[in-house]
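These notes are about the structure you will find just below.
The values are calculated or read from the model by the stated rules, or taken from the named source; none is laboratory data. None of the values given here were measured: they were computed from a predicted structure. Neighbour counts run over all protein chains shown; Cβ positions are idealised from the backbone, glycine included. When the accessible area is computed, the model is the full protein with side chains, heavy atoms only, and any ligands, DNA or RNA have been set aside. Shrake-Rupley method; radii C 1.70, N 1.55, O 1.52, S 1.80 Å.
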Amino acid sequence: MQTASFRAGFVTIIGAPNVGKSTLLNAIMGTKLAIVTPKPQTTRHRILGVKNLPQAQLVFLDTPGIHLPRTKLNRYMMQAVTQALVDPHVVLYMTDVSRAPYPDLAFLRRAIGAPTPPVFWLLNKIDLIEPPQLLPLIAGYEQRAACAEIMPLAARRGEGVPQLLDSVLRYVPEGAPYFPEDMPTDRDERFFIAELISEQVMLRTHEEVPYAVAVELEALQERRDGGMEIDAAILVGQHGRMIKDIGTHARQAIMRLLHCPVHLRLVVRVKQNWRQHDAVLRDLGFREA
């Protein structure tokens, strides 16, 4: 039974592609829930992470980068952002301070809408700028937006994450936890296995290839020796070939996830223009809002 001072709430992380949202979620959770690559739009789904603290439970929602949707896949991704912005207790709006001086503030207002929950403006990647630049940069952001908090951090190093959690707790209401303590996420193993394979595809293929590629998990079966047998298909929008070491690195990542030997079979399937096909997108886990 929780005490009256226990706090619980939902915290949505939003921002443009590649500002470090998934890196922040992993730093908060202390484990890898979201795949991370240098390529934009690595995150295609909403990913939930449950952070249990001694007197609080914070439910973080990592979202795809906000972008102009050009295909049905992109529209599904933006729906995931919209759904994550339904009644959060706190919104974390992330920007990359190593890029252009300021992001488009209209972009932030359009994404959140009204009524507006407390918004933290997170200035990420401070490790990529010189320390004397930081204070004038924070002052410049303070002049441009009325946010509940403006906080610098370096998510990749975990710098500023404990301070962020302390600040978020001040805005989260008292209440019972939403999830059991032993439930760190609402996604199952099948989802994370497909994500780990996708990560290797994105890391090990040419610049333009990842956006036309998806991974479909076809079979997952436990072996008598305690290992797992996995069949997965890499979907490509046009003729392509699988890079040899994708399977090797994906298998190693899945073994770290499952803590057992893994036998992974990958095949490449060509499905023309799959990002515009509702049936294919449903099979890949995308649903209408």
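A few notes on this one:
- With at most 15 neighbouring Cβ atoms within 10 Å, loop GluC sites (Glu not before Pro) (DSSP) excluded, longest segment of the chain: 1-180
- Entries of LYS32/LYS271; LYS39/LYS72; LYS32/LYS72; LYS39/LYS125 with Cα pairs more than 26 Å apart: LYS32/LYS271; LYS32/LYS72
- Estimated from helical segments only, the mean residue ellipticity of the chain at 222 nm is -9000 deg cm²/dmol, where each DSSP H run of four or more residues counts as -39500 (n - 2.57).
- Sorting 28-39, 85-96 by their mean Cβ neighbour count within 10 Å, with the most densely packed peptide first, gives 85-96, 28-39.
- The range 12-82 - percent relative contact order, Cα under 8 Å, separation 6 or more: 33 percent
- Listed residue (LEU235, LEU25, VAL36) projecting farthest to the positive dipole end of the chain, Cβ model: LEU235
- Largest accessible area first, the listed residues HIS249, HIS67 line up as HIS249, HIS67 when surface is computed with a 1.4 Å probe on the assembled protein chains.
- Anisotropy class of the range 114-209 from Cα gyration tensor, a/c 1.5 cut: oblate
- The chain: C-alpha pair distances exceeding 30 Å, %: 35 percent
- DSSP assigns beta bridges within the chain; of those with both partners inside it, close to 35 percent run antiparallel.
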